[in-house]
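So the structure is just underneath, and the comments pick up after that.
The values are calculated or read from the model by the stated rules, or taken from the named source; none is laboratory data. Quantities reported herein were computed from a predicted structural model and do not represent experimental measurements. Positions of Cβ are generated from backbone atoms using ideal geometry, with glycine treated the same way; all protein chains shown enter the neighbour counts.
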Amino acid sequence: MLNLLEVDQVSRRFALRGGRVLRAVDAVSLTVGAGESVGVVGESGSGKSTLSRMIVRLLDPTEGTIRFEGESIDEVPAKRFNTHRLRSAIQMVFQDATDSLDPRLRVADAIAEPLRALPDLRALSPAARRDRVQEVAAQVDLAAPLLDRYPHQLSGGQKARVGIARALVSRPRLLVLDEPTAALDVSVQATVLALLARLQRELGLAMLFVSHDLNVVRLITRRVVVMRAGRIVESGPVDQVFQNPAHEYTQALVAAIPAPPAARLATRENH
Ligand SMILES: Nc1ncnc2c1ncn2[C@@H]1O[C@H](COP(=O)(O)OP(=O)(O)OP(=O)(O)O)[C@@H](O)[C@H]1O
Ligand SMILES: [Mg+2]
């Protein structure tokens with residue numbers, strides 16, 4: 001499989017008070033193939049979000065290389081990446097759609113916002129923009145009347161769909177999802193996961209899927225990396241890592257999870 005994303009020995013240090021330095025991410029390497037979906041699991045504070053933010057170029061690495069389609073993107077400062085040609089290709093879905101949606105924007109405008117901002121898409125006509133918003137809303141099962149609403153008029157599951165639609169509107173080739181369903185009730189979570197699995201299949205999207213919940217990762221990805229204290233301690237095919245974890249930290253993570261919601265996922269994908 002052709003590598004879409006190559007993360008090579010990437011680290012991020014944070015200066016803490018008292019002169020201490022935290023290695024939030026420490027020499028992490030991973031790849032994501034075109035159309036492939038890779039999971040990142042680990043306990044709270046293991047560096048999952050810091051890694052995600054570096055990959056989507058919201059945060060600068062202190063060391064290492066990030067390549068997308070063979071092109072090194074770590075040298076472009078995060079604050080300038082918004083106008084980079086590849087911004088539309090690498091998008092992020094955030095944990096809490098309530099936090100990441102502007103309360104003053106109607107759903108249609110929230111979804112269209114990246115189209116107005118991204119350098120390669122700014123030239124779209126208003127009609128083309130509207131068509132694209134409607135198309136992507138349909139892809140995430142958001143009924144057309146919802147496009148006129150404001151975020152506070154939506155359910156948690158609907159807001160999550162808006163967050164996904166916003167990330168998809170620029171036709172990204174890589175989606176980084178940082179705990180995309182963690183803020184949702186379990187039943188709604190299952191429907192959103194089923195939606196993500198379908199989108200991945202239908203659109204051939206590559207995903208880096210971050211979660212502290214191993215069951216969730218197992219439903220969405222084939223390959224997983226396990227992070228602890230900024231480092232990858234184990235990686236491999238998801239079933240192998242789950243059924244036969246090599247590292248005691250992974251064994252503890254696996255032992256701590258309840259039974260998988262897979263049966264539920266298979267039958268309910270609406271709402
Ligand atoms: N801007 C920052 N300044 C200082 N320390 C930070 C900063 N951002 C993150 N950290 C620290 O880096 C470490 C990793 O944090 P990170 O948010 O990446 O973990 P995580 O795996 O996403 O955790 P969670 O599961 O709780 O979301 C934590 O110790 C965190 O406190
Ligand atoms: Mg996090």
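Computed quantities for the displayed model
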| item | result |
| --- | --- |
| Unique residue being over 21 Å from VAL56 (Cα atoms), within 16 Å of ligand 1 (Cβ to nearest atom) and among the aliphatic types (A, V, I, L, M) when the list is LEU177, LEU184, LEU208 | LEU184 |
| Unmet requirement for ALA194, which otherwise passes all of (1) in contact with a strand residue (DSSP E or B) (Cβ under 8 Å, 6 or more places away or on another chain); (2) more than 16 Å from ligand 2 (Cβ to nearest atom); (3) not charged (D, E, K, R) | (1) |
| Selected residue (criterion: modelled with the highest pLDDT) from residues of the range 211-233 that are over 20 Å from LEU168 (Cβ atoms) and away from ligand 1 (no atom under 16 Å from the Cβ) | ARG223 |
| Candidate set: the range 57-86, residues that are hydroxyl-bearing (Ser, Thr, Tyr) and more than 22 Å from ASP178 (Cα to Cα); chosen: the one modelled with the highest pLDDT | SER72 |
| Residues (surrounded by fewer than 23 Cβ atoms within 10 Å (Cβ to Cβ) and in contact (Cβ under 8 Å) with a residue 60 or more places away in the chain) located in the range 179-188 | GLU179, ALA182, ALA183, VAL186, SER187, VAL188 |
| Condition broken by PHE81, with the remaining ones in (1) among the hydrophobic types (A, V, I, L, M, F, W, C); (2) under 30 Å from ALA143 (Cβ atoms); (3) surrounded by fewer than 20 Cβ atoms within 10 Å (Cβ to Cβ) satisfied | (2) |
| Residue count, the range 13-51 (criterion: within 14 Å of VAL226 (Cα to Cα) and not in a loop (DSSP other than H, G, I, E, B)) | 15 |
| Single unsatisfied condition, VAL162 versus (1) surrounded by 19 or more Cβ atoms within 10 Å (Cβ to Cβ); (2) in a loop (DSSP other than H, G, I, E, B) | (2) |
| Selection from the range 65-115 of residues that are closer than 20 Å to ALA165 by Cβ, outside any helix (DSSP H, G or I) and within 18 Å of the chain's Cα centre (by Cα) | ASN82, ILE90, GLN91, MET92, VAL93, PHE94, GLN95, ASP96, LEU101 |
